[in-house]
1. If I ask for residues that are among the charged types (D, E, K, R) and either open to solvent by less than 10 Å² (accessible area, probe 1.4 Å) or touching a residue at least 60 places away in the same chain (Cβ under 8 Å) (or both), which ones from segment 35-69 would you list?
2. Going residue by residue through segment 367-374, is there one that turns out to be out of contact with any Pro (no Cβ under 8 Å at 6 or more places or on another chain), at pLDDT below 95 and not in a strand (DSSP E or B)?
3. Just the residues that are of a type in the set (D, E) and within 13 Å of G285 (Cβ to Cβ), please, taken from segment 349-375.
4. Only one of G252, G234, G238, G245 is in contact with a Phe, Trp or Tyr (Cβ under 6 Å, 6 or more places away or on another chain) and more than 18 Å from G179 (Cα to Cα). Can you tell me which?
5. Looking at segment 105-142, which of the residues that are surrounded by fewer than 16 Cβ atoms within 10 Å (Cβ to Cβ) and modelled with pLDDT of 95 or more is nearest to G70 (Cα to Cα)?
6. In segment 74-83, what residues are surrounded by fewer than 20 Cβ atoms within 10 Å (Cβ to Cβ) and either closer than 19 Å to H244 by Cβ or touching a Cys at 6+ places or on another chain (Cβ under 9 Å) (or both)?
7. How many of the residues in segment 292-309 are buried (at least 22 other Cβ atoms within 10 Å of the Cβ) and of a type in the set (G, A, S)?
8. Let me confirm something: among L106, L89, which residue is farther than 22 Å from A199 by Cβ and in a loop (DSSP other than H, G, I, E, B)?
Amino acid sequence: MRYARHALIAAFMIATPVVAQDTQPTNDAPNPFNTVKDNFKLPEGRTWGSTSAVDIDKDGKSIWVAERCGSNLCLDRATGKMSEWPSVLKFDSTGKLVKSFGAGLLIFPHGIHVDRDGNVWVTDGQDNAPVPARGAGAGAGGRGRGEAPTGPIGPRPGATFGNQVYKFSPDGKVLLTLGKPGGAASPEYFYQPNDVVTAPNGDIFVGEGHGAGNNRILKFDKTGKFIKEWGKLGTGPGEFDQPHGLAMDSRGRLIVGDRNNNRVQIFDQDGKFLEETKAFSRLSGIYIDKNDTLYGADSESSLTSHPGGWKRGIRIGSAKDLKVTTLIPDPENPDPAKTTAGTSAAEGVAVDAQGNIYGAEVGPKAVKKYVKKAT
(Lines give C-alpha, C1' and ligand atoms only; values in the text may rest on other atoms or scores of the structure.)
Protein backbone atom coordinates (compact mmCIF):
# COMPACT_ATOMS: atom_id res chain seq x y z
CA MET A 1 0.00 0.00 0.00
CA ARG A 2 2.86 2.35 0.86
CA TYR A 3 4.38 1.89 -2.59
CA ALA A 4 1.03 2.48 -4.31
CA ARG A 5 0.59 5.72 -2.33
CA HIS A 6 4.10 6.84 -3.29
CA ALA A 7 3.36 6.06 -6.92
CA LEU A 8 0.20 8.16 -6.81
CA ILE A 9 2.10 11.06 -5.25
CA ALA A 10 4.81 10.79 -7.91
CA ALA A 11 2.24 10.71 -10.70
CA PHE A 12 0.52 13.77 -9.26
CA MET A 13 3.82 15.65 -9.08
CA ILE A 14 4.64 14.81 -12.69
CA ALA A 15 1.21 15.86 -13.93
CA THR A 16 1.00 19.09 -11.94
CA PRO A 17 1.73 22.17 -14.10
CA VAL A 18 4.67 24.27 -12.97
CA VAL A 19 3.89 27.95 -12.41
CA ALA A 20 6.93 30.21 -12.22
CA GLN A 21 7.59 32.40 -9.22
CA ASP A 22 9.17 35.82 -9.49
CA THR A 23 12.87 35.45 -10.14
CA GLN A 24 15.95 37.64 -9.91
CA PRO A 25 17.29 39.10 -13.17
CA THR A 26 19.51 36.69 -15.09
CA ASN A 27 21.98 39.44 -16.01
CA ASP A 28 25.31 37.87 -15.05
CA ALA A 29 25.57 35.02 -17.55
CA PRO A 30 28.71 35.15 -19.73
CA ASN A 31 28.76 36.37 -23.33
CA PRO A 32 31.00 34.21 -25.56
CA PHE A 33 29.94 36.01 -28.77
CA ASN A 34 31.26 38.86 -30.89
CA THR A 35 28.89 41.16 -32.79
CA VAL A 36 29.00 41.58 -36.58
CA LYS A 37 26.97 44.69 -37.45
CA ASP A 38 27.04 44.96 -41.24
CA ASN A 39 26.92 41.36 -42.39
CA PHE A 40 23.93 41.70 -44.74
CA LYS A 41 24.14 43.64 -48.01
CA LEU A 42 21.06 45.32 -49.44
CA PRO A 43 20.81 46.52 -53.04
CA GLU A 44 22.16 49.98 -53.76
CA GLY A 45 19.68 52.67 -52.77
CA ARG A 46 17.86 50.49 -50.24
CA THR A 47 18.18 50.89 -46.48
CA TRP A 48 17.11 48.67 -43.64
CA GLY A 49 13.72 49.20 -42.08
CA SER A 50 12.44 47.73 -38.84
CA THR A 51 12.43 43.96 -38.68
CA SER A 52 11.33 41.48 -36.06
CA ALA A 53 11.36 38.46 -38.36
CA VAL A 54 14.39 36.23 -39.02
CA ASP A 55 14.71 32.47 -39.57
CA ILE A 56 17.06 29.92 -41.11
CA ASP A 57 16.52 28.13 -44.41
CA LYS A 58 16.19 24.34 -44.44
CA ASP A 59 19.78 24.22 -45.76
CA GLY A 60 20.90 25.33 -42.29
CA LYS A 61 22.98 28.26 -43.53
CA SER A 62 20.87 30.71 -45.56
CA ILE A 63 18.95 33.40 -43.69
CA TRP A 64 15.40 34.64 -44.30
CA VAL A 65 14.34 38.11 -43.12
CA ALA A 66 10.99 39.87 -43.40
CA GLU A 67 11.69 43.61 -43.43
CA ARG A 68 9.40 46.66 -43.35
CA CYS A 69 10.48 48.41 -46.54
CA GLY A 70 13.01 50.85 -45.11
CA SER A 71 10.55 52.09 -42.48
CA ASN A 72 8.29 50.52 -39.87
CA LEU A 73 5.51 49.92 -42.42
CA CYS A 74 5.39 48.97 -46.07
CA LEU A 75 2.26 51.11 -46.36
CA ASP A 76 2.29 54.89 -46.67
CA ARG A 77 -0.81 55.69 -44.66
CA ALA A 78 -0.92 59.26 -45.94
CA THR A 79 -1.29 58.16 -49.58
CA GLY A 80 -2.56 54.61 -49.15
CA LYS A 81 0.22 53.34 -51.40
CA MET A 82 2.31 50.24 -50.75
CA SER A 83 6.07 50.22 -51.14
CA GLU A 84 7.47 48.72 -54.32
CA TRP A 85 10.25 47.01 -52.35
CA PRO A 86 9.95 43.28 -51.71
CA SER A 87 9.71 42.62 -47.99
CA VAL A 88 10.77 38.94 -47.79
CA LEU A 89 14.52 38.60 -48.29
CA LYS A 90 16.84 35.59 -48.49
CA PHE A 91 20.58 35.93 -47.85
CA ASP A 92 23.33 33.36 -48.30
CA SER A 93 25.78 32.60 -45.51
CA THR A 94 28.05 35.48 -46.58
CA GLY A 95 25.24 38.04 -46.29
CA LYS A 96 24.61 38.35 -50.02
CA LEU A 97 20.97 38.88 -51.06
CA VAL A 98 20.00 35.95 -53.30
CA LYS A 99 16.20 36.15 -53.45
CA SER A 100 13.39 38.56 -52.59
CA PHE A 101 9.61 38.67 -53.00
CA GLY A 102 6.40 39.94 -51.40
CA ALA A 103 6.30 43.49 -52.81
CA GLY A 104 2.90 45.11 -52.26
CA LEU A 105 1.60 42.19 -50.19
CA LEU A 106 2.71 42.72 -46.59
CA ILE A 107 1.92 45.88 -44.64
CA PHE A 108 3.67 45.01 -41.38
CA PRO A 109 5.68 41.77 -41.67
CA HIS A 110 6.06 40.66 -38.09
CA GLY A 111 6.78 36.96 -37.62
CA ILE A 112 8.50 34.44 -39.88
CA HIS A 113 8.85 30.65 -39.86
CA VAL A 114 10.59 28.27 -42.27
CA ASP A 115 8.96 24.85 -42.16
CA ARG A 116 10.52 21.44 -42.71
CA ASP A 117 9.87 21.59 -46.46
CA GLY A 118 11.55 24.98 -46.81
CA ASN A 119 8.32 26.95 -47.19
CA VAL A 120 8.31 30.43 -45.68
CA TRP A 121 5.48 31.60 -43.43
CA VAL A 122 5.02 35.31 -42.62
CA THR A 123 2.48 37.09 -40.42
CA ASP A 124 1.19 40.50 -41.44
CA GLY A 125 0.35 42.26 -38.17
CA GLN A 126 -1.47 45.40 -39.34
CA ASP A 127 -4.10 46.51 -41.86
CA ASN A 128 -4.81 49.44 -44.16
CA ALA A 129 -7.75 50.96 -42.27
CA PRO A 130 -7.60 54.73 -41.74
CA VAL A 131 -6.09 55.57 -38.37
CA PRO A 132 -8.45 57.62 -36.18
CA ALA A 133 -7.37 60.94 -34.79
CA ARG A 134 -5.75 60.90 -31.38
CA GLY A 135 -8.41 60.42 -28.70
CA ALA A 136 -11.02 59.14 -31.17
CA GLY A 137 -10.99 55.59 -29.78
CA ALA A 138 -9.48 52.28 -30.71
CA GLY A 139 -12.06 51.06 -33.19
CA ALA A 140 -14.37 48.06 -33.35
CA GLY A 141 -14.46 46.41 -29.99
CA GLY A 142 -11.00 47.72 -29.27
CA ARG A 143 -9.52 49.57 -26.37
CA GLY A 144 -7.80 52.87 -25.98
CA ARG A 145 -4.77 53.35 -23.78
CA GLY A 146 -5.58 52.05 -20.31
CA GLU A 147 -9.05 50.80 -21.27
CA ALA A 148 -10.33 47.25 -20.87
CA PRO A 149 -11.63 45.33 -23.93
CA THR A 150 -15.33 45.94 -24.50
CA GLY A 151 -16.25 43.04 -26.79
CA PRO A 152 -14.92 41.20 -29.83
CA ILE A 153 -11.68 42.88 -30.81
CA GLY A 154 -11.05 43.43 -34.48
CA PRO A 155 -9.84 45.84 -37.15
CA ARG A 156 -11.16 49.36 -37.64
CA PRO A 157 -13.74 50.05 -40.37
CA GLY A 158 -12.19 50.34 -43.80
CA ALA A 159 -9.64 47.55 -43.51
CA THR A 160 -9.45 45.68 -46.81
CA PHE A 161 -6.13 43.89 -46.52
CA GLY A 162 -3.58 42.98 -43.89
CA ASN A 163 -3.94 40.93 -40.66
CA GLN A 164 -3.27 37.65 -42.46
CA VAL A 165 -0.77 34.80 -42.44
CA TYR A 166 0.92 33.74 -45.67
CA LYS A 167 2.65 30.53 -46.66
CA PHE A 168 5.14 31.05 -49.51
CA SER A 169 7.09 28.53 -51.51
CA PRO A 170 10.87 29.11 -51.42
CA ASP A 171 10.44 30.91 -54.76
CA GLY A 172 7.77 33.26 -53.42
CA LYS A 173 4.58 31.64 -54.70
CA VAL A 174 1.66 32.05 -52.30
CA LEU A 175 0.64 28.52 -51.31
CA LEU A 176 -1.83 29.26 -48.53
CA THR A 177 -3.42 32.32 -46.91
CA LEU A 178 -4.98 32.24 -43.46
CA GLY A 179 -7.49 34.85 -42.32
CA LYS A 180 -9.82 37.31 -43.98
CA PRO A 181 -8.32 40.22 -45.93
CA GLY A 182 -8.16 43.16 -43.55
CA GLY A 183 -8.73 40.90 -40.55
CA ALA A 184 -11.72 40.01 -38.43
CA ALA A 185 -12.89 40.02 -34.84
CA SER A 186 -13.22 36.86 -32.78
CA PRO A 187 -14.47 34.21 -33.37
CA GLU A 188 -13.12 34.92 -36.84
CA TYR A 189 -9.46 35.80 -37.46
CA PHE A 190 -7.04 37.55 -37.46
CA TYR A 191 -6.38 40.85 -35.75
CA GLN A 192 -2.70 41.55 -35.09
CA PRO A 193 -1.20 38.10 -35.73
CA ASN A 194 2.28 38.06 -34.19
CA ASP A 195 3.99 34.80 -35.07
CA VAL A 196 3.46 31.40 -36.66
CA VAL A 197 5.02 27.95 -36.26
CA THR A 198 4.20 24.50 -37.65
CA ALA A 199 4.30 21.08 -35.99
CA PRO A 200 5.94 17.98 -37.53
CA ASN A 201 2.51 16.79 -38.77
CA GLY A 202 1.88 20.13 -40.47
CA ASP A 203 -0.52 21.62 -37.92
CA ILE A 204 -0.24 25.42 -37.78
CA PHE A 205 -0.14 27.60 -34.66
CA VAL A 206 -0.59 31.38 -34.71
CA GLY A 207 -0.12 33.78 -31.80
CA GLU A 208 -2.51 36.74 -31.97
CA GLY A 209 -2.68 40.03 -30.08
CA HIS A 210 -0.22 42.91 -30.21
CA GLY A 211 -1.43 45.30 -27.56
CA ALA A 212 -5.08 45.55 -28.56
CA GLY A 213 -5.67 42.09 -29.94
CA ASN A 214 -7.38 38.97 -28.68
CA ASN A 215 -4.43 37.43 -26.80
CA ARG A 216 -4.95 33.88 -28.00
CA ILE A 217 -3.33 30.96 -29.79
CA LEU A 218 -5.13 29.57 -32.83
CA LYS A 219 -4.52 26.06 -34.20
CA PHE A 220 -5.18 24.91 -37.79
CA ASP A 221 -4.52 21.71 -39.68
CA LYS A 222 -2.03 21.68 -42.54
CA THR A 223 -4.72 22.67 -45.05
CA GLY A 224 -5.64 25.76 -43.03
CA LYS A 225 -8.81 24.34 -41.48
CA PHE A 226 -9.45 25.86 -38.06
CA ILE A 227 -9.19 23.36 -35.19
CA LYS A 228 -9.30 25.30 -31.93
CA GLU A 229 -8.12 28.32 -29.98
CA TRP A 230 -7.17 29.07 -26.39
CA GLY A 231 -6.24 32.03 -24.26
CA LYS A 232 -7.55 35.43 -23.23
CA LEU A 233 -6.15 38.62 -21.76
CA GLY A 234 -4.81 37.88 -18.30
CA THR A 235 -1.88 36.81 -16.15
CA GLY A 236 -2.88 33.29 -15.17
CA PRO A 237 -1.75 30.00 -16.73
CA GLY A 238 -3.02 29.82 -20.29
CA GLU A 239 -3.78 33.54 -20.38
CA PHE A 240 -1.72 36.04 -22.36
CA ASP A 241 -0.79 39.65 -22.78
CA GLN A 242 0.89 39.71 -26.20
CA PRO A 243 1.77 36.12 -27.21
CA HIS A 244 4.58 37.60 -29.27
CA GLY A 245 6.89 34.72 -30.21
CA LEU A 246 6.33 30.99 -30.89
CA ALA A 247 8.63 27.99 -31.16
CA MET A 248 8.41 24.21 -30.79
CA ASP A 249 10.88 21.92 -29.03
CA SER A 250 11.92 18.35 -29.87
CA ARG A 251 9.08 16.97 -27.74
CA GLY A 252 6.53 18.90 -29.77
CA ARG A 253 5.75 21.33 -26.96
CA LEU A 254 4.61 24.80 -27.99
CA ILE A 255 6.76 27.52 -26.42
CA VAL A 256 5.13 30.96 -26.19
CA GLY A 257 6.85 34.25 -25.42
CA ASP A 258 4.12 35.96 -23.37
CA ARG A 259 5.77 39.36 -23.63
CA ASN A 260 3.76 41.75 -21.49
CA ASN A 261 3.60 39.11 -18.75
CA ASN A 262 7.42 38.84 -18.78
CA ARG A 263 7.39 35.06 -19.06
CA VAL A 264 7.54 31.99 -21.27
CA GLN A 265 4.57 29.61 -21.21
CA ILE A 266 4.75 26.01 -22.45
CA PHE A 267 1.79 23.98 -23.75
CA ASP A 268 1.09 20.67 -25.40
CA GLN A 269 -0.38 20.88 -28.90
CA ASP A 270 -3.92 20.71 -27.57
CA GLY A 271 -3.41 23.84 -25.50
CA LYS A 272 -2.87 22.16 -22.13
CA PHE A 273 -0.68 24.36 -19.92
CA LEU A 274 2.46 22.52 -18.81
CA GLU A 275 4.80 25.02 -17.18
CA GLU A 276 6.22 28.53 -17.34
CA THR A 277 9.42 30.39 -16.55
CA LYS A 278 10.40 33.99 -16.00
CA ALA A 279 14.15 33.35 -16.24
CA PHE A 280 14.38 34.37 -19.91
CA SER A 281 12.86 37.79 -19.20
CA ARG A 282 10.49 39.76 -21.46
CA LEU A 283 10.67 37.83 -24.70
CA SER A 284 9.74 39.20 -28.10
CA GLY A 285 11.24 36.32 -30.10
CA ILE A 286 12.13 32.66 -29.49
CA TYR A 287 14.22 30.12 -31.38
CA ILE A 288 14.86 26.51 -30.38
CA ASP A 289 17.55 24.47 -32.13
CA LYS A 290 17.76 20.71 -32.68
CA ASN A 291 19.47 20.28 -29.31
CA ASP A 292 16.63 22.05 -27.51
CA THR A 293 18.78 25.09 -26.83
CA LEU A 294 16.42 28.03 -26.32
CA TYR A 295 17.38 31.47 -27.63
CA GLY A 296 15.18 34.30 -26.34
CA ALA A 297 15.25 37.91 -27.57
CA ASP A 298 14.35 40.59 -25.02
CA SER A 299 14.00 43.94 -26.80
CA GLU A 300 11.76 45.78 -24.35
CA SER A 301 12.70 45.30 -20.68
CA SER A 302 12.80 48.66 -18.94
CA LEU A 303 12.23 50.24 -15.55
CA THR A 304 8.52 50.52 -16.34
CA SER A 305 7.78 47.41 -18.41
CA HIS A 306 9.85 44.94 -16.38
CA PRO A 307 10.90 46.32 -12.99
CA GLY A 308 13.84 44.76 -11.22
CA GLY A 309 16.76 45.73 -13.39
CA TRP A 310 16.53 43.19 -16.24
CA LYS A 311 19.00 43.75 -19.07
CA ARG A 312 17.83 43.61 -22.65
CA GLY A 313 19.53 41.17 -24.98
CA ILE A 314 19.53 37.55 -26.16
CA ARG A 315 19.38 34.96 -23.38
CA ILE A 316 20.43 31.41 -24.16
CA GLY A 317 19.65 28.31 -22.14
CA SER A 318 17.89 24.96 -22.28
CA ALA A 319 14.29 24.27 -23.19
CA LYS A 320 14.61 21.16 -21.02
CA ASP A 321 15.54 22.67 -17.66
CA LEU A 322 14.75 26.33 -18.51
CA LYS A 323 18.02 27.61 -17.07
CA VAL A 324 19.83 30.57 -18.62
CA THR A 325 23.54 30.05 -19.33
CA THR A 326 24.43 32.92 -21.70
CA LEU A 327 23.46 36.56 -22.22
CA ILE A 328 24.34 38.68 -25.24
CA PRO A 329 23.54 42.13 -23.81
CA ASP A 330 22.01 44.99 -25.76
CA PRO A 331 24.95 47.19 -26.82
CA GLU A 332 22.74 50.30 -26.99
CA ASN A 333 21.25 49.95 -23.50
CA PRO A 334 23.78 48.11 -21.32
CA ASP A 335 22.59 49.70 -18.06
CA PRO A 336 19.05 48.58 -17.14
CA ALA A 337 18.79 51.39 -14.59
CA LYS A 338 18.82 53.89 -17.47
CA THR A 339 16.55 51.97 -19.88
CA THR A 340 13.15 53.60 -19.63
CA ALA A 341 11.20 53.03 -22.85
CA GLY A 342 11.23 52.11 -26.53
CA THR A 343 12.66 49.04 -28.21
CA SER A 344 16.25 48.08 -28.94
CA ALA A 345 18.37 44.95 -29.33
CA ALA A 346 16.97 41.89 -31.12
CA GLU A 347 13.23 41.35 -31.31
CA GLY A 348 13.52 38.29 -33.55
CA VAL A 349 16.24 35.64 -33.23
CA ALA A 350 17.46 32.64 -35.23
CA VAL A 351 20.51 30.36 -35.21
CA ASP A 352 22.19 28.61 -38.14
CA ALA A 353 23.70 25.11 -38.18
CA GLN A 354 27.14 26.51 -37.31
CA GLY A 355 25.84 28.19 -34.15
CA ASN A 356 25.88 31.74 -35.52
CA ILE A 357 23.09 33.83 -34.04
CA TYR A 358 21.05 36.45 -35.92
CA GLY A 359 19.09 39.23 -34.23
CA ALA A 360 16.38 41.19 -36.07
CA GLU A 361 15.96 44.69 -34.62
CA VAL A 362 12.95 47.00 -34.78
CA GLY A 363 14.28 50.17 -33.14
CA PRO A 364 17.82 50.19 -34.57
CA LYS A 365 16.51 48.92 -37.97
CA ALA A 366 19.16 46.27 -38.46
CA VAL A 367 19.95 42.57 -38.49
CA LYS A 368 23.07 41.69 -36.52
CA LYS A 369 25.12 38.51 -36.58
CA TYR A 370 26.79 37.06 -33.50
CA VAL A 371 29.72 34.66 -33.83
CA LYS A 372 31.56 32.64 -31.21
CA LYS A 373 34.68 34.27 -29.81
CA ALA A 374 37.94 32.54 -30.59
CA THR A 375 39.21 30.45 -27.71
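1. Taking segment 35-69 first, the residues among the charged types (D, E, K, R) are 37-38, 41, 44, 46, 55, 57-59, 61, 67-68.
Result: K37, D55, D57, K58, K61, E67, R68.
2. yes
3. Of the residues in segment 349-375, the ones of a type in the set (D, E) are 352, 361.
Across segment 349-375, the qualifying residue is only E361.
4. Going through G252, G234, G238, G245 in turn, just one is in contact with a Phe, Trp or Tyr (Cβ under 6 Å, 6 or more places away or on another chain) and more than 18 Å from G179 (Cα to Cα): G238.
5. We begin by selecting, within segment 105-142, every residue surrounded by fewer than 16 Cβ atoms within 10 Å (Cβ to Cβ); these are 116-118, 130-137.
Cutting the leftovers down to modelled with pLDDT of 95 or more gives us 116-118.
Numbers: R116: 30, D117: 29, G118: 26 Å.
My answer is G118.
6. Answer for segment 74-83, where residues must be surrounded by fewer than 20 Cβ atoms within 10 Å (Cβ to Cβ) and either closer than 19 Å to H244 by Cβ or touching a Cys at 6+ places or on another chain (Cβ under 9 Å) (or both): M82, S83.
7. Within segment 292-309, residues that are buried (at least 22 other Cβ atoms within 10 Å of the Cβ) and of a type in the set (G, A, S) number 4.
8. L106 is the lone residue from the list that is farther than 22 Å from A199 by Cβ and in a loop (DSSP other than H, G, I, E, B).
The values are calculated or read from the model by the stated rules, or taken from the named source; none is laboratory data. Just so we're clear, the structure is a prediction, and the values are computed from it rather than from any experiment. All Cβ positions, even for glycine, are placed from backbone atoms using ideal geometry, and neighbour counts span all protein chains on display. Ligands, DNA and RNA are stripped out before the accessible areas are found, and what is left, the full protein with its side chains, is counted by its heavy atoms. Shrake-Rupley method; radii C 1.70, N 1.55, O 1.52, S 1.80 Å.
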